[in-house]
1. Can you give the Kirkwood hydrodynamic radius of the range 203-331 from its Cα pairs, in Å with one decimal?
2. Please list the three semi-axes, largest first and in whole Å, of the ellipsoid equivalent to the range 91-157, using sqrt of 5 times the eigenvalues of its alpha carbon gyration tensor.
3. For the ranges 367-373, 419-425, what's the packing order if you count other beta-carbon atoms within 10 Å of each residue, average per peptide, and put the highest first?
4. Restricting everything to alpha-carbon atoms, can you work out Rg to Rh for the range 343-400 with a Kirkwood hydrodynamic radius?
5. Quick check: at a probe of 1.4 Å, how many percent of the accessible area of the range 97-180 sits on carbon and sulfur atoms?
6. How much mean residue ellipticity at 222 nm does the chain get from its helices, if each DSSP H run of length 4 or more adds -39500 (n - 2.57) and you divide by all residues, to the nearest 500 deg cm²/dmol?
7. Which parts of the range 316-333 would a label at THR89 reach, counting a residue when its backbone N lies under 20 Å from a point 7 Å out along Cα-to-Cβ?
8. Using R₀ = 30 Å, calculate the FRET efficiency as 1/(1 + (r/R₀)^6) where r is the Cβ-Cβ separation of ALA96 and ALA59; round to 0.05.
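The values are calculated or read from the model by the stated rules, or taken from the named source; none is laboratory data. Only a predicted model underlies this, so the values are computations on that prediction, with no experimental measurement involved. Glycine gets a Cβ as well: all are built from the backbone with ideal geometry, and neighbour counts include every protein chain shown. The area values use the complete protein model at the heavy-atom level, side chains included, leaving out ligands, DNA and RNA. Shrake-Rupley method; radii C 1.70, N 1.55, O 1.52, S 1.80 Å.
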Amino acid sequence: MRGLVYAEWKGTTESDGRMTQLDAFGQPTTISVGAGLGHWTATQKAFLAHGATTPDHLAKTLSADPHFALGHAVKGLFLLLLGRRELVTTAREAAATARAADADRPVTPRERAFLDALDAWLGGQPSRSVAHLDKALLDHPDDPLALKITQAIRFVLGDAQGMRLSLEQVLPAYGDDHPARGYILGCHAFALEETGDYGPAVAAGCKALDLAPDDAWGLHAVAHVYDMLAEPAKGITWLKGREGAWAHCNNFRFHVWWHKALMHLDLGETDVVLDLYDTLIRAEKTDDYRDISNATSLLMRLELEGVDVGTRWDELADLSADRTDDGSLIFADLHYLLALIGGRRADATATLVARIAADGASARTEAALRMATPGTAAAMGLEAFGEGNYCAAFRGLSKARRHMQLAGGSHAQRDVFERLTIDAGIRAGALCETSAILDDRAARRAGREDSFAKSRRAMLWEMTSPLRVAAE
């Protein structure tokens, strides 16, 4: 009943003349009476579910109420989460519009936290954006929009511990009657998985889907668990029949198919992997960095297993060659770099590596700090790997791996760099160091080893056998 009650208009004229309504999640919202609130509810629900309709609902919201400051601020935050330099100008315009709307029709302190969060990120400090929203959550712990956005930013920052801590501080506010409980449990499932608590992660993810059948984030959190525990058959079974949980998604649906491909790769079913790549993962040839990361990391995994991927690198390299000056996120840049290396674009590769190093040397923003560490060492290591200089590749990649969490993304996504580090070490003859990395990788996976790790263990055993014989 809670959602139905809060969906009704409960306008109140406050002493300063501000008109607020309670939205579908019970949050005071300064928005005009009428159609705007309905569109805003649809926007939030679509965002929580990673729905493809999110921008359409937001556009309708702002059309219904052009002076909705919170809506403009959220638009700006959404744009920054896309990690594209050319969208920063549009995000600045959204911030200016939000401030003007606030001056004309003052908003609540909760809403103003979103405006402050946008300004902080535009100032190069996304961690301060999180701090502003965390402060708002102290008074409004049951605000799923603020919580979901903090989760998204922390994900970009690679702050898995922060994701979990933030969630667990507010979870008591999401009782059985809260309409967003399923989506928040899905967030909790992912945070649990990323911090190595695999059993509770599966339980939270299953409960999330029970409450919110379209919670693709919770579903994919369970898929992450099966990846980390080297249980691909269970992962495939988990995803089978649940396609409806991610069919409605924006390009996040490609990422869930990517997870399925990883499971088939672990089983050695490379024909299935290539079919998934062609028909679903790369069904749309976008240059969205998240789509590029799915594609490049999968092709690189295949090549490391000796699979001929044909000309599939070409279109990724073409798109990535146009992104060498972006610099929004090191996670994005490193995946553009994978495409350029795979596509044998030496000049563009050198350009991107030099730009990452130059940005890192400036270190004026949090993004630049991550270009410096782990970005510069990782980029140089990847370039060396593409050139066949495996000693230099291992040197750069092993230096970067100690800080790779700062690049953002998930353990599963960053594992492509771990695999490259391991293969560079084997090819460079750094056998003891590589064995230690495999040990560390297994420790983070509850002691489990997937087919990749097992095959590299076998390589190391074969390469060290003469040494063992000589020592006998």
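1. One decimal place: 15.5 Å for the Kirkwood radius.
2. Working: eigenvalues 72, 49, 14 Å².
Each semi-axis is the square root of five times an eigenvalue, giving 19, 16, 8 Å.
3. 419-425, 367-373
4. Details: Rg = 11.3 Å, Rh = 11.2 Å.
The Rg/Rh ratio comes out at 1.00.
5. Details: 1700 of 3220 Å².
That fraction is 53 percent.
6. Details: 26 runs with 324 residues, N = 472.
Value at 222 nm, helices only: -21500 deg cm²/dmol.
7. In the range 316-333, the label zone of THR89 (backbone N under 20 Å from the point 7 Å along Cα→Cβ) covers 322-329.
8. 0.95
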